[in-house]
Amino acid sequence: MPFNKTFGVDLGTSAVKIYAKDQDTVITEKNMIAIRSRNQILAVGNEAYSIFEKNPSNVSVISPMSNGRIADINHTEMILNALLDKAGAGSVFGNDIYLAVPTDLSEIEQRAYYTIGNSSRKNKVYMVDKTIADAVAMGVPVNKTRGSMIVNIGSQSTEISIIERGKVILSKIVEIGGSQLNQAIINEVRKNFNLHIGSRTARRLKFSLAYLKYDPQEARKAAGLDSLTGLPGEAVVPSEMIYETILTPVKQICEEIRFFLERTPPQIRCNIEQEGICLAGGTARIPDIDWFLSKETGQKVCLSGFYELCTIYGLKEIIRDRALKKWVW
Ligand SMILES: Nc1ncnc2c1ncn2[C@@H]1O[C@H](COP(=O)(O)OP(=O)(O)OP(=O)(O)O)[C@@H](O)[C@H]1O
Ligand SMILES: [Mg+2]
């Protein structure tokens with residue numbers, strides 16, 4: 001029996017997903033840390049999120065990643081170590097860590113991922129392109145494909161990539177995702193009702209009211225602070241307002257996809273036109289976003305049923321299947 005354990009890690013801006021090979025389980029925790037008086041760790045992951053926007057002034061709740069990239073190595077490392085322990089790590093012999101990373105990484109960013117995965121200096125760190133992991137989870141024949149487009153709409157980034165015969169030939173990170181939709185909702189509610197709502201409330205409104213095809217004609221109460229008086233207030237937000245708010249950023253993503261396709265060599269584009277665009281990520285949970293993307297880009301869209309867990313399920317397959325180890329570097 002091997003002494004070291006194996007884990008797959010998808011470090012997302014909003015959530016860290018960890019696959020533990022031994023238990024064959026996936027855990028999802030918020031990518032957040034709560035720190036008191038600058039150096040005392042109070043909570044990590046979902047526990048830290050539970051005090052976010054409610055924290056006293058001597059406690060800061062930090063999200064160490066921004067727009068799909070590491071912004072703060074130390075805090076990312078602390079979070080990952082705590083969450084790996086929670087997932088069953090802690091072997092004195094070190095662990096094998098498979099990290100899903102964006103494709104267009106600079107050398108400095110690659111080193112940052114390596115440092116984070118290898119903080120104990122005993123771990124073996126392997127990297128896998130997020131796009132390849134997504135493609136594996138969606139059943140794309142990575143080695144043989146003559147052109148597949150993978151789009152992952154996450155919380156602060158949308159990664160658009162094209163794979164051809166086992167290689168990611170084009171990739172781009174667009175800084176639009178679920179958080180930008182939340183921020184747009186916060187701005188719109190303030191403009192319409194003079195009410196300042198927090199990002200949790202905006203997220204809740206998005207979850208229950210966002211649509212792109214059929215208007216549920218519903219409304220939800222939102223509580224916040226009156227922008228003029230500073231006193232607590234409430235407003236009833238209709239679904240139509242959420243639709244109008246999210247339309248611009250979603251259209252921007254479509255525009256980027258169209259622009260990307262225009263730059264793609266014709267023979268590869270021809271294959272994408274036949275196969276369709278593969279869509280994943282948590283923000284792909286907005287109802288009928290696949291229909292909307294298809295309408296705006298003129299391409300078929302195949303939506304992954306794994307949504308935000310697509311990358312980690314791809315990593316799981318890569319970890320468990322020897323034949324897929326060639327995608328690890
Ligand atoms: N039902 C839903 N409707 C709309 N958005 C949703 C829904 N469920 C989750 N989301 C959004 O999905 C996003 C999280 O997705 P995901 O876990 O793929 O992001 P991430 O990997 O953490 O971020 P990134 O890939 O940008 O680094 C959040 O912004 C969340 O609000
Ligand atoms: Mg992600």
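Coordinate-derived values only; no laboratory data. Small disclaimer: the values here were computed from a predicted structure and weren't measured. FYI the Cβ positions are ideal-geometry reconstructions off the backbone, even for glycines, and counts take in every protein chain you see.
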Exercise. ASP24 to ARG200: extension gain in nm, 0.36 nm per residue of separation minus the Cα-Cα distance?
Worked result: 60.2 nm
Exercise. Amide H neighbours of SER155 under 5 Å, counting only residues 5+ apart in sequence or on other chains, H built in-plane at 1.01 Å?
Worked result: THR13, SER14, GLY178
For this session: Mind checking region 1-89 for trypsin sites (Lys or Arg not before Pro) that DSSP puts in a loop (not H, G, I, E or B) and that have at most 15 other Cβ atoms within 10 Å?
Result: ARG38, LYS54
Problem set entry | Charge-dipole axis of region 39-146 as Lys and Arg at +1 and Asp and Glu at -1 on Cβ define it, positive-most pick from ASN118, ILE62, LEU42 | ASN118
Exercise. Too long at a 19 Å Cα-Cα cut-off: which of LYS21/LYS325; LYS130/LYS251; LYS17/LYS167; LYS5/LYS122; LYS130/LYS167; LYS167/LYS326?
Worked result: LYS130/LYS251; LYS17/LYS167
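Rounded, prolate or oblate: which one fits the chain, using the alpha carbon gyration tensor with axes a ≥ b ≥ c (rounded when a/c is under 1.5, else prolate when a/b beats b/c, else oblate)?
Oblate is the answer for the chain, as a/c is 1.5 or above yet b/c matches or exceeds a/b.
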For this session: Filter the chymotrypsin sites (Phe, Trp or Tyr not before Pro) in region 1-100 down to the DSSP loop ones having no more than 16 other Cβ atoms within 10 Å, then list what survives.
Result: PHE3, PHE93
Problem set entry | Sequence of LYS144, LYS122 once ranked by neighbouring C-beta atoms within 10 Å, starting from the fewest | LYS144, LYS122
For this session: For every helix of n ≥ 4 consecutive DSSP H residues, a contribution of -39,500 (n - 2.57) applies; sum these over the chain, divide by its total residues, and give [θ] at 222 nm rounded to the nearest 500 deg cm²/dmol.
Result: -11500 deg cm²/dmol
Exercise. If amide H atoms are built 1.01 Å from N in the plane of the peptide, which residues on other chains or at least 5 residues away come under 5 Å of the amide H of HIS196?
Worked result: LEU225, ASP226, SER227
For this session: Quick one: check the C-alpha center-to-center distance for region 246-318 versus region 30-82, whole angstrom.
Result: 31
